[in-house]
Structures are given as C-alpha cells and as structure tokens.
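Trainee: Below: one structure in structure tokens.
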Amino acid sequence: MHILDFNKLSLRDINKTLQESDKNSFFSVRNPKGSHALAVGINKKITVKIVGSVGYYCAGMNKFSDIKVEGSAGPGLGENMMSGNIYVTGDVSQYAGASGHGGSILVGGNASSRCGISMKGVDIIVKGNVGHMSAFMAQKGNLVIFGDAGHALGDSIYEANIYVAGEVASLGADCIEKKMTKKHLSNLENILSNANVSDYNPDTFRRFGSARSLYNFNVDNAKIY
C-alpha cells in the first residue's frame with residue numbers, strides 16, 4: 001500500500017502519482033482537507049482509499065479504478081465517469097454522477113439536487129435521500145434510492161430507470177411510475193449485488209421512467225417542453 005499525504009504532497013503531485021501508477025496498485029490518501037478535483041482522470045484499475053472528506057469533482061472521468069471516500073464529497077462526484085466504482089460513506093452534494101457513462105456510484109448517506117443529471121449508463125445507489133430534479137434528462141442507466149426523492153424527480157427523462165423505496169415529492173415532466181416487472185426486479189437485484197449491498201427488500205421499491213410523450217415535438221405538449 002502506498003500512502004499519499006496532503007501534509008507532504010500537493011494535489012498536483014498526488015493526482016500525477018495516481019494517474020501514472022502501475023495497474024493494480026493500492027493507495028491510501030491522507031488528510032485531503034476537502035481538496036477539489038482529487039483522483040480525477042484515472043484510466044487504469046487501481047484502488048484508492050481517501051481518508052476524509054473531499055471537495056468538488058472528486059474521481060471525475062474515472063475509468064476502471066475503485067475509489068472509496070471515507071467521508072463526504074462536494075459537487076460533481078464521479079462526473080463523466082466511464083467505468084469502475086466509487087463509494088462515499090457519507091453524503092454527496094449536487095449533481096453526483098453527472099453524465100456518467102458506466103460503472104457505479106454508491107452513496108452511504110444522502111445526495112443533494114440533480115443527482116444523476118444527464119446520466120448515460122452509470123448506476124447510482126443512494127442509501128439515503130436525494131434532492132430535487134434528480135435524474136434530470138437521464139438517458140441510460142439506473143438510479144436506486146433507498147430513501148425519499150425531492151421534487152421533479154426524473155424531469156425530461158429518457159430511457160433510464162429510477163427505483164425508489166421511499167416517498168417521492170413530485171415527478172418532473174414526462175416522468176411516470178411504471179410497472180415493476182420480474183425483469184426490473186432482477187435488474188435491481190443485480191445492481192445492488194454488484195455494489196455489495198444486501199440489506200434491502202426489493203418489494204419495497206417502485207420504478208419510475210419516461211412516458212415517452214416528449215420524444216417527438218407535438219404542439220399539444222408545447223407548455224411541457
């Protein structure tokens with residue numbers, strides 16, 4: 001295990017070390033002090049454990065690597081990630097997983113507004129609540145919410161799935177509740193199994209997705225666009 005300490009190294013030095021490391025290396029990052037853009041642009045399979053909370057855009061553009069934050073994270077966690085896994089033990093701020101193409105994000109606490117905005121294939125699991133307009137314009141992937149969802153959930157959603165165990169304050173434009181089929185139950189179980197989440201009852205979840213009424217312009221829907 002390699003230890004990278006912010007008391008001895010700069011953010012630039014730490015990110016360069018992570019990006020240029022050998023495949024399958026293991027790093028422990030100490031004293032992050034809420035630093036921004038930590039562990040970004042990694043494109044190989046390594047393991048990074050960050051001991052403490054981080055600022056915005058942590059693990060952005062992640063590819064292949066497993067990154068754990070023992071604390072909370074600021075806005076833009078895992079923005080535009082391609083693959084790999086991110087786990088935050090605490091809470092995350094706005095637009096976690098924005099434009100994520102693949103991989104998974106597990107949030108042990110709550111997520112703020114626009115969680116999963118414009119997601120394009122990433123799986124996001126939130127053990128707590130999410131804020132307003134989560135999964136806004138989500139195109140592909142899955143957002144799993146163990147707690148409650150704020151207003152305008154799934155606004156302008158495309159083909160992503162939203163699974164919610166708690167209450168939903170309101171649905172956004174073109175988002176509706178959909179039938180929870182055996183196929184979708186199996187999908188939910190696979191998502192949670194891959195994230196090593198076992199403490200749940202699949203029967204408590206409801207599924208939400210696109211009504212597909214905004215796919216093509218219709219003058220009758222002009223006020224919704």
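Trainee: Restricting attention to the stretch 69-92, which residues are buried (at least 19 other Cβ atoms within 10 Å of the Cβ), assigned to a strand (DSSP E or B) and more than 12 Å from the chain's Cα centre (by Cα)?
Mentor: Within the stretch 69-92, just V69 meets the criteria.
Conditions (1) among the aromatic types (F, W, Y); (2) in contact with a helix residue (DSSP H, G or I) (Cβ under 8 Å, 6 or more places away or on another chain), marked per residue:
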position: F6; (1), (2): yes, yes
position: N31; (1), (2): no, no
position: K44; (1), (2): no, no
position: Y57; (1), (2): yes, no
position: E70; (1), (2): no, no
position: P75; (1), (2): no, no
position: G84; (1), (2): no, no
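Trainee: For the stretch 103-113, how many residues are under 10 Å from the mean Cα position of the chain (by Cα) and either among the hydroxyl-bearing types (S, T, Y) or at positive phi (or both)?
Mentor: So the answer is 2.
Trainee: Hey, could you check the stretch 48-60 for residues that are small (G, A, S) and touching a residue at least 24 places away in the same chain (Cβ under 8 Å) and say which is surrounded by the most Cβ atoms within 10 Å (Cβ to Cβ)?
Mentor: Once the filter is applied, the top-ranked residue is A59.
Trainee: May I ask you to list the residues in the stretch 134-161 that are out of contact with any Phe, Trp or Tyr (no Cβ under 8 Å at 6 or more places or on another chain) and charged (D, E, K, R)?
Mentor: Within the stretch 134-161, D148, E159 meet the criteria.
Trainee: Kindly indicate which of K63, K45 is out of contact with any His (no Cβ under 7 Å at 6 or more places or on another chain), surrounded by fewer than 16 Cβ atoms within 10 Å (Cβ to Cβ), assigned to a loop (DSSP other than H, G, I, E, B) and free of Cβ contacts under 8 Å to residues at least 60 places away in the same chain.
Mentor: K45 is the lone residue from the list that is out of contact with any His (no Cβ under 7 Å at 6 or more places or on another chain), surrounded by fewer than 16 Cβ atoms within 10 Å (Cβ to Cβ), assigned to a loop (DSSP other than H, G, I, E, B) and free of Cβ contacts under 8 Å to residues at least 60 places away in the same chain.
Trainee: Being of a type outside the set (K, R) and within 26 Å of V168 (Cα to Cα) narrows it down to one residue among P32, P75; which is it?
Mentor: P75
Trainee: Let me ask another. Assess whether F6 counts as being touching a strand residue (DSSP E or B) at 6+ places or on another chain (Cβ under 8 Å) and of a type in the set (F, W, Y).
Mentor: yes
Trainee: Identify all residues within the stretch 143-161 that are within 18 Å of H101 (Cβ to Cβ) and touching a Leu at 6+ places or on another chain (Cβ under 8 Å); write none if there are none.
Mentor: V144, A160, N161
None of the figures in this text is laboratory data; all of them are computed from the coordinates on show. All of these numbers come straight from a predicted model, not from anything done at the bench. Every residue, glycine among them, receives a Cβ derived from its backbone with ideal geometry; neighbour counts consider all protein chains shown.
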